[in-house]
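Presented below is the structure to which this report refers.
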């Protein structure tokens, strides 16, 4: 009976560890995050580390965590590979909708922001200019979870965004960026703002 209880506890703990996004929880130290990665985290700058989590999603190829010395993990960003798009942005819009629907299974219905700059001419508002407008910052396509609901996993906000690339070799490419903001993000911002 004791062995059964021990095995059950270990299984329950392992499920709990991996319940958060990519198996990472608010407040984790970089050492604890490293235990849940395939490779050692690579320090980029300030609180930012590039990681390869064991628990990852096939759409996303690059993962960045923000870890503060006092508060631990406070933000995660996941980036898709490049998605080459036509003028209508069909490919990035399709990828966005697929990922949005899958995230919605975990966090519920998001607020969708699909807007175009009202100052554009009617000609430039045509669908055939959608991707060009996204590149120029005149078009936005985002999904936001947590504005009017309480999220699980100590999260305040989850955002899925379509972003373009300005590099000459990737002029027709866009990426999906997935942001996770934990409850302790505000503590880090307050600490940073205390210098003002």
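Does at least one position in the stretch 146-153 carry a residue that is under 22 Å from residue 22 (Cα atoms), surrounded by 13 or more Cβ atoms within 10 Å (Cβ to Cβ) and within 13 Å of the chain's Cα centre (by Cα)?
No, because not a single residue in the stretch 146-153 is under 22 Å from residue 22 (Cα atoms), surrounded by 13 or more Cβ atoms within 10 Å (Cβ to Cβ) and within 13 Å of the chain's Cα centre (by Cα).
Within the stretch 62-79, restricting attention to residues that are under 10 Å from the mean Cα position of the chain (by Cα) and in contact (Cβ under 8 Å) with a residue 60 or more places away in the chain, which residue is surrounded by the fewest Cβ atoms within 10 Å (Cβ to Cβ)?
Residue satisfying both the conditions and the ranking: 79.
Would you check if residue 136 is modelled with pLDDT under 95 and over 18 Å from residue 78 (Cα atoms)?
So residue 136 fits the description; yes.
Condition first: within 14 Å of the chain's Cα centre (by Cα), farther than 17 Å from residue 182 by Cβ and not in a loop (DSSP other than H, G, I, E, B). Now tell me which residues in the stretch 43-61 satisfy that.
Of everything in the stretch 43-61, those that are within 14 Å of the chain's Cα centre (by Cα), farther than 17 Å from residue 182 by Cβ and not in a loop (DSSP other than H, G, I, E, B) turn out to be 50, 60, 61.
Could you say whether any residue in the stretch 88-97 is crowded, with 19+ Cβ neighbours inside 10 Å and under 13 Å from the mean Cα position of the chain (by Cα)?
Yes.
Please enumerate the residues belonging to the stretch 166-196 that are assigned to a loop (DSSP other than H, G, I, E, B) and either surrounded by 15 or more Cβ atoms within 10 Å (Cβ to Cβ) or within 12 Å of the chain's Cα centre (by Cα) (or both).
Of everything in the stretch 166-196, those that are assigned to a loop (DSSP other than H, G, I, E, B) and either surrounded by 15 or more Cβ atoms within 10 Å (Cβ to Cβ) or within 12 Å of the chain's Cα centre (by Cα) (or both) turn out to be 172, 183, 184.
The values are calculated or read from the model by the stated rules, or taken from the named source; none is laboratory data. As the structure is a computational prediction, the values presented were derived from the model and not from experiment. Don't worry about glycine lacking a Cβ; one is built from the backbone with ideal geometry, like all the others, and counts go over all protein chains shown.
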